[in-house]
Amino acid sequence: MSPMRAPSICACGHRVPAGTRCACAVKRARESEARRPSASARGYTASWSKESKAFLALPGNERCACGCGRVANMVDHRIAPKGDMTLFWDRSNWQPFNLDCNRRKAIASEGAFGRPIAGQTGGRVGTLPKGTLTGWGQSREISPNSDRGGNSR
């Protein structure tokens, strides 16, 4: 039998039982998703699918560009286009990536799960120096290519 996980504290200050989400967090996520343009409006159309598959089929694009050795199964934009369709279609801005690695990269560089965007300071979210003792153990630096818990897939 595993020990129970401790509850977390939502950004609104409410205590949230482990494994659940606060109603305000669900509402914020829903509102954020409603403001986000659809995938096709962001350029991920049938044309993108065709071109990205052709890019991955080119020699040298078989493996993830992060260096993990995984098979590349998607095309990543080195610089997020954020609506700039010229940058979106610029093949020099494309790199072969594995979906798992891409998620880590996006979280680290674009912010997610309460993390600040890379290079940004201030706001409510802070970072601790590597090695600081916390209630969860020593803090450690997390890079876009790190693998939580040392799992290898």
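The values are calculated or read from the model by the stated rules, or taken from the named source; none is laboratory data. Nothing here was measured: the structure is a model prediction, and the numbers come from that model. Ideal geometry is used to build each Cβ from the backbone, glycine not excepted, and the neighbour counts take in all protein chains shown. Protein only, heavy atoms only, side chains kept; ligands, DNA and RNA dropped before computing areas. Shrake-Rupley method; radii C 1.70, N 1.55, O 1.52, S 1.80 Å.
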Please report how far the C-alpha centroid of region 1-34 lies from that of region 52-82, rounded to the nearest whole angstrom.
-> 34 Å
State the dimensionless ratio Rg/Rh of region 1-109 (Rg: radius of gyration of Cα atoms; Rh: Kirkwood radius).
-> 1.11
If you count, for each residue, the other Cβ atoms within 10 Å and average over each peptide, how do 94-103, 30-39, 68-77, 5-14 line up from highest to lowest?
-> 94-103, 68-77, 5-14, 30-39
With label points built 7 Å along Cα→Cβ from the Cα atoms of Trp48 and Ile9, find their separation and express it in nm.
-> 3.9 nm
Largest-first ranking of Lys105, Lys53, Lys27, Lys82 by accessible area, probe 1.4 Å, whole protein assembly kept, is Lys82, Lys53, Lys27, Lys105
